[in-house]
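The values are calculated or read from the model by the stated rules, or taken from the named source; none is laboratory data. All values reported here derive from a predicted model rather than from experimental measurement. Every residue, glycine among them, receives a Cβ derived from its backbone with ideal geometry; neighbour counts consider all protein chains shown. Surface accessibility is based on the protein's heavy atoms, side chains included, excluding ligands, DNA and RNA. Shrake-Rupley method; radii C 1.70, N 1.55, O 1.52, S 1.80 Å.
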Amino acid sequence: MRKFKLQVQVSADGYMAGPNGEMDWMRFPWTDDISRYIDALMRPVDCIVLGRKLAEGFIPAWESGPEGETQEAIDQMNDTPKVVISDSLTASPWKNAEIAGGDLTEIVNGLKARPGGDLIAYGGGTLVRDLIARGLLDDLYLFVNPTAIGTGMPVFPEGGYQRLDLVESRLFDCGIAVMHYTPKRA
């Protein structure tokens, strides 16, 4: 069965965006060591899972070839098939992306049962919290930025504990630290 990973940028106090979706608190530019780590994390991935709201910005941004990214990274992001989780879209407006609506657990279990490499989600507040709450992720890679923003969109759902096992922690030259966790299964 395929692994489903989460890669998300978070503030030191656990938010993936400000209260209005702000992302200006993230640390840039990245250094070579974090870029190599993320490249290795992405290497076994052959499917990107996104929520609709994130997909609306993410897919067009990569299609336009974002400044500061290598052509290899741009091609990898554009060529990797995507599944957009949405109950409001019925057809994909994007190349190389399919729409999946309905029960999230059934969708994810169906994706994990397909042959292929790993799956990865990059964020999208509602999607991330739902994936965590339902125990659908195998690995959580939290890229902790050295900034506290005080309020915003939390990574973890409210209510209930999320017990995790720390697999690895690593500090990068740019000041971001990755915390790699696996959910503790009952």
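The table below lists the values:
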{"quantity": "Rounded to 5, the percent of DSSP beta bridges in the chain classed as antiparallel", "calculated": "40"}
{"quantity": "Spread of Cα-to-Cα distances over 5 Å intervals beginning at zero, given as percent, for region 105-179", "calculated": "3, 12, 20, 22, 22, 12, 6, 2, 0"}
{"quantity": "Range in the chain, longest, excluding exposed GluC sites (Glu not before Pro) [loop by DSSP; at most 10 other beta-carbon atoms within 10 Å]", "calculated": "68-157"}
{"quantity": "Thr31 accessible area, assembled protein chains, probe 1.4 Å, Å²", "calculated": "40"}
{"quantity": "Shape of region 86-128, Cα gyration tensor, a/c cut at 1.5", "calculated": "rounded"}
{"quantity": "Accessible-area order (highest first, 1.4 angstrom probe) of the listed residues Asp79, Asp103", "calculated": "Asp79, Asp103"}
{"quantity": "Which of Lys95, Lys184 is most accessible, then next, and so on - probe 1.4 Å", "calculated": "Lys95, Lys184"}
{"quantity": "Distance between region 1-31 and region 153-172 - C-alpha centres, whole angstrom", "calculated": "12"}
{"quantity": "Stokes-Einstein D in µm²/s, Kirkwood radius over Cα pairs - region 50-90 at 25 °C with 0.890 mPa s viscosity", "calculated": "224"}
{"quantity": "Loop-located chymotrypsin sites (Phe, Trp or Tyr not before Pro) in region 157-186, at most 16 other Cβ atoms within 10 Å (DSSP)", "calculated": "Tyr161"}
{"quantity": "Where Ile99, Ile74 fall by accessible area, highest first, once all protein chains stay in place (1.4 Å)", "calculated": "Ile99, Ile74"}
{"quantity": "Rel. contact order, % - alpha carbon contacts under 8 angstrom, at least six apart, region 58-186", "calculated": "17"}
{"quantity": "Placed amide H near Ile99: partners under 5 Å, 5+ positions off or other chain", "calculated": "Val84, Ser92"}
{"quantity": "Mean projected area (nm²) of the alpha-carbon convex hull when region 10-113 is viewed from all directions", "calculated": "8.1"}
{"quantity": "17 Å tail of the calculated P(r), region 49-161, as % of Cα pairs", "calculated": "61"}
{"quantity": "Cα-centred dipole magnitude for the chain, charges only on beta-carbon of K, R (+1) and D, E (-1), debye, nearest 20", "calculated": "660"}
{"quantity": "Potential lengthening between Ala148 and Arg36 on full extension [0.36 nm per residue; Cα-Cα distance subtracted]", "calculated": "37.8 nm"}
